[in-house]
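Below is one structure, written out as structure tokens; the observations come after it.
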Amino acid sequence: MNLIEKWKNRETKKSLREENIRLKAQVEMLHRVKPPVCTVERNVQRIRSALTIRQDDIMTADYAKEKVKHGLLQYISPFIDWDIEDDYETGNKILTGTLYVATGDRRHNG
């Protein structure tokens, strides 16, 4: 092998080493950058109702649940939108109550 072939091989190794160093630096930089975190803040308020059952009270679990539901309804009732409509076929009135609840984040993919 003559000197020129050795020199060409040396230049190739040198360029490969430099590219390898550059690629390692690029990979390290990509690992350092943290991906963005998207958060959605919501105004959530807990509404809770409780029922104290004394030892001498005799009531079923279903009745106790109904009492707790009635207590929750007292807190929720100011947020219900009421609408009264006439049913022209029967002549009756239709009373509709609507409660708007935030159930999740609506994200548009585009």
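Throughout, read-outs are computed from the coordinates displayed, never taken from laboratory work. What you see is a predicted model, and the numbers here were worked out from it, not measured in a lab. Cβ: placed from backbone, ideal geometry, glycine included. Neighbour counts: every protein chain shown.
Peptide packing for 14-20, 86-92, 71-77 was compared via the average number of neighbouring C-beta atoms within 10 Å per residue; ordered from the highest value, the list is 71-77, 14-20, 86-92. In sequence order, segment 88-97 has phi-based couplings of 6, 6, 9, x, 7, 9, 10, 9, 10, x Hz under the Karplus curve 6.51 cos²θ - 1.76 cosθ + 1.60, θ = phi - 60°, and Gly or Pro positions carry x.
Distant-in-sequence amide contacts of SER49, defined by a placed amide H-H separation under 5 Å and a gap of 5 or more residues or a different chain, comprise nothing.
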